[in-house]
Amino acid sequence: MRFWYFWFNTFIVSSQYNPPRFVELLMLFLAIAMLAIASILPDRPYLILGLSLVVGASISILVREAIAPSPQTRITQLTALLLLVISLYGFADLMYTL
């Protein structure tokens, strides 16, 4: 029981300390879950939802880093751009296969 209380408390504190980063993290976790489901089940809605969550999170990260840079700005921006390019390529491939 103490283990779950610790994680729940950490969850609450992190959401209050930096809400934009928390929302981005939540979007990326949901995207990972949707893309994992899409790899198991061949349904397109899971793939589309996962890719759109990645696009939204990466654009949010790029905007947040442009407004308020963090100490590791360059690495964060490169990672967000890489995620954005990969997800846009996934959308293009999805549109090609339809």
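Working only within the stretch 6-54, note down all residues that are open to solvent by 80 Å² or more (accessible area, probe 1.4 Å), closer than 17 Å to residue 95 by Cα and touching a residue at least 40 places away in the same chain (Cβ under 8 Å).
Across the stretch 6-54, the qualifying residue is only 44.
Which condition breaks for residue 79 when tested against (1) in contact (Cβ under 8 Å) with a residue 24 or more places away in the chain; (2) surrounded by fewer than 16 Cβ atoms within 10 Å (Cβ to Cβ); (3) more than 11 Å from residue 24 (Cβ to Cβ)?
Here residue 79 clears every test but (1).
The values are calculated or read from the model by the stated rules, or taken from the named source; none is laboratory data. From a predicted model like this one, the values you see are computed outputs, not experimental measurements. Methodologically, a virtual Cβ is constructed for each residue, glycine included, from the backbone with ideal geometry; neighbour enumeration extends over all protein chains shown. Surface areas here come from the heavy atoms of the whole protein model, side chains and all, with no ligands, DNA or RNA. Shrake-Rupley method; radii C 1.70, N 1.55, O 1.52, S 1.80 Å.
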